[in-house]
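Please read the structure below before turning to the comments.
The values are calculated or read from the model by the stated rules, or taken from the named source; none is laboratory data. If you're wondering where the values come from, they're calculated on a predicted model, not measured in any experiment. In this analysis, Cβ positions are derived from the backbone assuming ideal geometry, glycine residues included, and neighbour counts consider all displayed protein chains.
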Amino acid sequence: MTSQPSVSPLRQRMIDDMHMRQLSPKTQATYLRIVREFARFLGRSPDTATIEDLRSYQLHLVDHGISPVSLNAAITGLKFFFEVTLHEPERMARMQPVRVPRTLPVVLSPDEVRRLIAATGNLKHQAALSVAYGAGLRAGEVVALKVGDVDSQRMTLRIEQGKGRKDRYALLSPVLLERLRVWWRVARAQGRMLDGGWLFPGLDPVDPLTTHQLNRAIHAAAEAAQIDKRVSMHTLRHYVPFRVMSCSRVIARIPGQMRNAG
């Protein structure tokens, strides 16, 4: 029997502090990594750091080419550690977040979106990308959808625990609803979808499709469609005005009959 590595009292206290504040597992893991990397730079326990140590660490990160977004994330993680866990906010006095330059997002034309979604390898991915585009959903929100989240009477999609862990509704166009019905019928006929289960199940219907699989699918589709722009799932959320109307026109022109459910 292998013994589990021990957790230091300081690390456990930080874990408890994050748990008490109901930070997401991803945020907790990020904060712990940030403090661990700072301790590695410091060469000793992070609770012994001085104001000058923290200032030197920020200079170290900048000198090593860290991006503004990553630098601000590091400052946020250390801010939690010193202000919440150690109750010593004054130590962060010399660490200041930096301005993040605003860049224009990559925007696909309606024709590029049509080609992109049509180039997906199977009906499941086609339906998932159609939902991301037509309803403006993030990758994590798409894969978290269940069959019961589709409300054909109110023409909405229920999004549970989206960004900021908030529930909300997204509009569902008639064309997109029909796309989902086609996918549902094929998946049910092939035994790929469980009653009340995931709208986009993984290889095992008990598990949902992962964001990694969805991102891999869109990258493959962009290559197959010969789209030169840098495409990601987030790209589909940068849409033209009048989303429901314009997206319906695009989705309606995408071939929808595929034998391979995915």
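Need pairs with beta-carbon distance below 9 Å; first residue outside any helix (DSSP H, G or I) and within region 169-192, second loosely packed, with under 14 Cβ neighbours inside 10 Å; sequence gap 6+ or separate chains.
Close Cβ pairs satisfying both conditions: TYR169/ASP151; TYR169/ARG154; LEU172/ASP151; LEU172/SER152; LEU172/ARG154; SER173/MET245.
Looking at region 35-59 only, could you name the residues that are assigned to a helix (DSSP H, G or I), aliphatic (A, V, I, L, M) and closer than 17 Å to ARG94 by Cβ? Reasoning before the result, please.
Of all residues in region 35-59, those assigned to a helix (DSSP H, G or I) come to 35-42, 46-48, 51-59.
When the remaining residues are screened for being aliphatic (A, V, I, L, M), the result is 35, 39, 42, 51, 54, 59.
Those that are assigned to a helix (DSSP H, G or I), aliphatic (A, V, I, L, M) and closer than 17 Å to ARG94 by Cβ: LEU42, ILE51, LEU54, LEU59.
PRO101 passes all but one of (1) modelled with pLDDT under 95; (2) buried (at least 17 other Cβ atoms within 10 Å of the Cβ); which number fails?
Of the numbered conditions (1) modelled with pLDDT under 95; (2) buried (at least 17 other Cβ atoms within 10 Å of the Cβ), the odd one out for PRO101 is (2).
A quick yes/no check of all residues on (1) in the same structural domain as PRO174 (by TED's automatic domain parsing); (2) closer than 30 Å to ALA220 by Cβ; (3) of a type outside the set (Lys, Arg):
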position: VAL62; (1), (2), (3): no, no, yes
position: GLY77; (1), (2), (3): no, no, yes
position: THR85; (1), (2), (3): no, no, yes
position: PRO101; (1), (2), (3): no, no, yes
position: ARG114; (1), (2), (3): yes, yes, no
position: ALA118; (1), (2), (3): yes, yes, yes
position: GLN126; (1), (2), (3): yes, yes, yes
position: LEU129; (1), (2), (3): yes, yes, yes
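Quick check on GLY43: is it among the small types (Gly, Ala, Ser), modelled with pLDDT of 95 or more and out of contact with any helix residue (DSSP H, G or I) (no Cβ under 8 Å at 6 or more places or on another chain)? Quick ask: steps written out before the conclusion?
Values: among the small types (Gly, Ala, Ser): yes; modelled with pLDDT of 95 or more: yes; out of contact with any helix residue (DSSP H, G or I) (no Cβ under 8 Å at 6 or more places or on another chain): yes.
Considered against the rule, which asks whether it is among the small types (Gly, Ala, Ser), modelled with pLDDT of 95 or more and out of contact with any helix residue (DSSP H, G or I) (no Cβ under 8 Å at 6 or more places or on another chain), GLY43 comes out as yes.
Of the residues that make up region 9-20, is at least one farther than 18 Å from HIS87 by Cα and either loosely packed, with under 11 Cβ neighbours inside 10 Å or in contact (Cβ under 8 Å) with a residue 40 or more places away in the chain (or both)?
Looking only at region 9-20, we keep the residues that are farther than 18 Å from HIS87 by Cα, and these are none.
No; the residues of region 9-20 include none that is farther than 18 Å from HIS87 by Cα and either loosely packed, with under 11 Cβ neighbours inside 10 Å or in contact (Cβ under 8 Å) with a residue 40 or more places away in the chain (or both).
Exactly one of these conditions fails for GLY191: (1) modelled with pLDDT of 90 or more; (2) farther than 21 Å from GLY140 by Cα; (3) surrounded by fewer than 21 Cβ atoms within 10 Å (Cβ to Cβ). Give me its number.
Among (1) modelled with pLDDT of 90 or more; (2) farther than 21 Å from GLY140 by Cα; (3) surrounded by fewer than 21 Cβ atoms within 10 Å (Cβ to Cβ), the lone unmet condition for GLY191 is (1).
Considering region 46-73 alone, what residues qualify as being among the hydroxyl-bearing types (Ser, Thr, Tyr) and within 23 Å of THR103 (Cα to Cα)? Please lay out each step first, then the result.
Residues of region 46-73 among the hydroxyl-bearing types (Ser, Thr, Tyr): 48, 50, 56-57, 67, 70.
Within region 46-73, SER67, SER70 qualify.
Would you tally the residues in region 60-93 being surrounded by fewer than 13 Cβ atoms within 10 Å (Cβ to Cβ) and assigned to a helix (DSSP H, G or I)?
Within region 60-93, residues that are surrounded by fewer than 13 Cβ atoms within 10 Å (Cβ to Cβ) and assigned to a helix (DSSP H, G or I) number 7.
Quick check: is even one residue across region 143-158 of a type in the set (A, V, I, L, M), in a strand (DSSP E or B) and assigned by TED's automatic domain parsing to the domain that holds ARG192? Outline the logic, then answer.
Just the residues of region 143-158 that are of a type in the set (A, V, I, L, M), to begin with: 143-145, 147, 150, 155, 157.
Within this subset, residues satisfying the condition of being in a strand (DSSP E or B) are 150, 157.
Narrowing the set further to residues that are assigned by TED's automatic domain parsing to the domain that holds ARG192 leaves 150, 157.
Checked region 143-158: at least one residue is of a type in the set (A, V, I, L, M), in a strand (DSSP E or B) and assigned by TED's automatic domain parsing to the domain that holds ARG192.
Could you pull out the residue among ARG158, ARG154, ARG114 that is basic (Lys, Arg) and touching a residue at least 40 places away in the same chain (Cβ under 8 Å)? Talk me through it step by step, then tell me what you get.
Numbers: ARG158 fails: touching a residue at least 40 places away in the same chain (Cβ under 8 Å); ARG154 fails: touching a residue at least 40 places away in the same chain (Cβ under 8 Å).
ARG114 is the lone residue from the list that is basic (Lys, Arg) and touching a residue at least 40 places away in the same chain (Cβ under 8 Å).
Just checking, how many residues over region 108-157 are in contact with a Ser or Thr (Cβ under 8 Å, 6 or more places away or on another chain) and on the phi > 0 side of the Ramachandran plot?
Of the residues in that region, 1 qualify.
Of the residues HIS234, HIS219, which is modelled with pLDDT of 90 or more and assigned to a helix (DSSP H, G or I)? Quick ask: steps written out before the conclusion?
Numbers: HIS234 fails: modelled with pLDDT of 90 or more.
Going through HIS234, HIS219 in turn, just one is modelled with pLDDT of 90 or more and assigned to a helix (DSSP H, G or I): HIS219.
Residues that are surrounded by 14 or more Cβ atoms within 10 Å (Cβ to Cβ) and under 23 Å from ALA222 (Cβ atoms): does region 154-177 have at least one?
Step one: of region 154-177, the residues surrounded by 14 or more Cβ atoms within 10 Å (Cβ to Cβ) are 155-159, 162, 168-173, 175-177.
Pick out the ones that are also under 23 Å from ALA222 (Cβ atoms) and you get 175-176.
Looking for residues that are surrounded by 14 or more Cβ atoms within 10 Å (Cβ to Cβ) and under 23 Å from ALA222 (Cβ atoms), one finds at least one in region 154-177, hence yes.
One residue is enough: does region 202-223 have a residue meeting the conditions without any contact (Cβ under 8 Å) to a residue 60 or more places away in the chain, of a type in the set (A, V, I, L, M, F, W, C) and in the same structural domain as ALA127 (by TED's automatic domain parsing)?
Checked region 202-223: at least one residue is without any contact (Cβ under 8 Å) to a residue 60 or more places away in the chain, of a type in the set (A, V, I, L, M, F, W, C) and in the same structural domain as ALA127 (by TED's automatic domain parsing).
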